[in-house]
Amino acid sequence: MIGVGKMKLYSNVLDRPLSKGKQEVSLSAFAFLFSEMVQYNQTQVDNIAELERRLEDAGYAVGARVLELLCHREKGNRRETRLLGILSFVHSTVWKVLFGKVADSLEKGTEHEDEYMISEKELLVNRFISIPKDMGTFNCGAFVAGIVRGVLDNAGFPAVVTAHFVPVEGQQRPRTTILIKFAEEVLRREARLG
Amino acid sequence: MASTACFMIVSKNDIPIYEAEVGAAPRKEEAAHQHQFILHAALDIVQDLAWTTSAMFLKGIDRFNDLVVSVYVTAGLHTRLMLLHDSRNDDGIKSFFQEVHELYIKTLLNPLYLPGSRITSSHFDTKVRALARKYL
């Protein structure tokens, strides 16, 4: 039949249904886009800290939208009010939707009460990127750190999120760790909520 | 059907990013200011209540004369959909909130939309008013 399989074209985006959408996006397309983004930002800044900050800001915008969308799609409109709840939300749901699998591990920091770490053997965004020696500790995972920060910040858990390389013996490439340090008010509120 | 209703979307720092008078009765000018004032005063209560429950719809959290404030808190905690009304149609209000929430998510997905800025699309406005007529 003519017309079957043809998508209805909506004149305005607000009319379009907010459905599951396409589950998969081409990895190479994303890798190209991401590498262009990094290169563009490299021409605009003078130092590495600024470059990391820009990538983080780009990720923050993504995180804000991902939080709303996923809470609507996956969790049937139930919000997260507890710390562990939001952390496991990031660790499984967000990671699954963005990278196709849950994160490798979620750990609580031993030195400080307010630190948590999400570890990943190889971040998807870093797969096709190699860091030259003179850039030192720069990590393009700052983009992912920005996404996590966007999710946490908008859910009401302000935090400082950074990405680090952690060398592991027996493995050629270092493991990537996203370090999450929550603000004072989050811990106070958690204690109050019991 | 409800006679008076004032709908507002409040974002971070308690700045309204969208407002609409969606009642069916004729409006008095000074009532509009009063509605905004009432909704603003209810924000404190919302903030406390939001942390005690994981649901999104908080109904009837505050009263003023015969008007009731109902609030729907989205996942991005700073965005609250607030409705000031005098009807008792809880289910209708909940469905209204859910539909407007979907519209809000679609607006938010626009990468050029800065979260927390005013929603100026006339299409959004038309749709919200149509939904209000349908559910309220």
Report yes if some residue within the stretch A:33-41 is under 17 Å from the mean Cα position of the chain (by Cα), without any contact (Cβ under 8 Å) to a residue 12 or more places away in the chain and more than 10 Å from chain B (Cβ to nearest Cβ); otherwise report no.
-> yes
All but one of (1) surrounded by 13 or more Cβ atoms within 10 Å (Cβ to Cβ); (2) of a type in the set (D, E, K, R); (3) more than 30 Å from A:Leu27 (Cα to Cα) hold for A:Arg188, so report the exception by its number.
-> (1)
B:Thr52 meets each of (1) open to solvent by less than 40 Å² (accessible area, probe 1.4 Å); (2) of a type outside the set (A, V, I, L, M); (3) not in a strand (DSSP E or B) with one exception, condition (1)
Only one residue in B:Arg129, B:Arg133 is modelled with pLDDT under 85, open to solvent by 10 Å² or more (accessible area, probe 1.4 Å) and closer than 22 Å to A:Pro17 by Cβ, so which one is that?
-> B:Arg133
When both residues are 6+ apart or on different chains and their Cβ atoms are under 8 Å apart, which pairs have a first residue that lies in the stretch B:96-113 and is facing chain A (nearest Cβ under 7 Å), and a second that is of a type in the set (Asp, Glu) and open to solvent by less than 30 Å² (accessible area, probe 1.4 Å)?
-> B:Ile105/A:Glu68; B:Leu108/A:Glu68
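Yes/no per residue for (1) over 13 Å from the mean Cα position of the chain (by Cα); (2) away from chain A (no Cβ under 12 Å):
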{"residue": "B:Leu43", "(1), (2)": "no, yes"}
{"residue": "B:Leu49", "(1), (2)": "yes, no"}
{"residue": "B:Phe57", "(1), (2)": "no, no"}
{"residue": "B:Gly76", "(1), (2)": "yes, no"}
Counting only helices (runs of 4 or more DSSP H) wholly inside the stretch A:19-135, the ones holding at least 2 residues that are modelled with pLDDT under 85 and surrounded by 14 or more Cβ atoms within 10 Å (Cβ to Cβ) are A:48-73, A:83-88, A:95-99
Counting only residues that are away from chain B (no Cβ under 14 Å), in contact with a Gly (Cβ under 9 Å, 6 or more places away or on another chain) and among the aliphatic types (A, V, I, L, M), the stretch A:47-69 contains a total of 2
Return yes when B:Leu81 is within 14 Å of chain A (Cβ to nearest Cβ) and at negative phi and no when it is not.
-> yes
Going through the stretch B:85-113 one residue at a time, which ones are among the hydroxyl-bearing types (Ser, Thr, Tyr) and in a helix (DSSP H, G or I)?
-> B:Ser95, B:Tyr104, B:Thr107
When residues of the stretch B:114-133 are limited to those that are in contact with a helix residue (DSSP H, G or I) (Cβ under 8 Å, 6 or more places away or on another chain) and part of a helix (DSSP H, G or I), the one farthest from the other protein chains (Cβ to nearest Cβ) | B:Ala132
Output yes when any residue across the stretch A:147-169 is in contact with a strand residue (DSSP E or B) (Cβ under 7 Å, 6 or more places away or on another chain), under 23 Å from A:Leu70 (Cβ atoms), in a loop (DSSP other than H, G, I, E, B) and of a type in the set (A, V, I, L, M), and no when none is.
-> no
Sole exception among (1) of a type in the set (A, V, I, L, M, F, W, C); (2) touching a residue at least 24 places away in the same chain (Cβ under 8 Å); (3) within 29 Å of A:Leu187 (Cα to Cα) for A:Val125, by number = (3)
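Of all residues in the stretch A:13-32, how many are among the hydroxyl-bearing types (Ser, Thr, Tyr) and either within 14 Å of chain B (Cβ to nearest Cβ) or in contact with a Pro (Cβ under 9 Å, 6 or more places away or on another chain) (or both)?
Selection size over the stretch A:13-32: 1.
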Please specify each residue of the stretch A:90-120 satisfying the condition of being touching a residue at least 60 places away in the same chain (Cβ under 8 Å) and within 14 Å of chain B (Cβ to nearest Cβ).
-> A:Val90
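The values are calculated or read from the model by the stated rules, or taken from the named source; none is laboratory data. Small disclaimer: the values here were computed from a predicted structure and weren't measured. Every residue, glycine among them, receives a Cβ derived from its backbone with ideal geometry; neighbour counts consider all protein chains shown. Side chains included, ligands, DNA and RNA excluded: accessible areas come from the protein's heavy atoms. Shrake-Rupley method; radii C 1.70, N 1.55, O 1.52, S 1.80 Å.
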